Amino acid sequence: MVAKNLLIVTALAEAATGVMLLVSPTVVVALLLGVSLELPAALVVARIAGAALLSLGCACWLARDDGPSRAQRGLVAAMLLYNCAAVAVLAPAGAARSPVGVLMWPAVALHAGFAVWCIASLRDSSANASRENELV
């Protein structure tokens, strides 16, 4: 159940952010970093990031009802890596810049919370797998 809820919330959050980055990357970057995207290459990279987040959201949404499996565990582990990386990139950027966008620190907190939730989900699935192995 922990993984299912995590996958649903992650799917909604990441897909929404991905769509926003695809549609209007300048607004998202301004809210997050407090700067504007001026170079065409930066717009392309932001839109690719949007496509990646939309893909992650789709993967989470499609895996939400799969129940405990190695694939679902792998997806949650990949999300843990992504969320830790997001915190590791955003937090120093926010600390080094002043001012930052209004969503910088909420985004850091959100990714940190998702990372903790991923860890809880992985621990829960490990405990369930251990119990199942004991029954066999």
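The values are calculated or read from the model by the stated rules, or taken from the named source; none is laboratory data. Keep in mind it's a predicted model, so treat the numbers as computed, not measured. Backbone-built Cβ (ideal geometry, glycine too); neighbour counts: all protein chains shown. Accessible surface is based on the protein model in full, side chains and every heavy atom, while ligands, DNA and RNA are left aside. Shrake-Rupley method; radii C 1.70, N 1.55, O 1.52, S 1.80 Å.
Surface composition of the chain: carbon and sulfur atoms hold 72% of the protein heavy-atom accessible area at a 1.4 Å probe. Within the chain, helices built from complete DSSP H runs that reach 15 Å or longer along their own axis (Cα positions) and carry a mean Kyte-Doolittle hydropathy of -0.5 or higher are 2-23, 40-63, 70-96, 104-135. Convex hull of alpha carbon positions in the chain: directionally averaged projected area 8.3 nm². Based on protein heavy atoms only, the chain ends up with 58 Å² per residue of surface accessible to a 1.4 Å probe.
Other residues within the sphere of radius under 14 Å centred on the Cβ of residue 66, judged by their own Cβ, net out at +3 (K and R +1, D and E -1). Taking the alpha-carbon centroid of each part, what is the distance from region 66-93 to region 1-47 in angstrom? Cα centroid to Cα centroid, the span is 16 Å. Note down the accessible area of residue 61, probe 1.4 Å, to the nearest 10 Å². Estimated to the nearest 10 Å², residue 61 gives 100 Å². Computed about the Cα centre, the dipole magnitude for region 12-114 is approximately 140 debye when only Lys and Arg (+1) and Asp and Glu (-1) carry charge, each at its Cβ.
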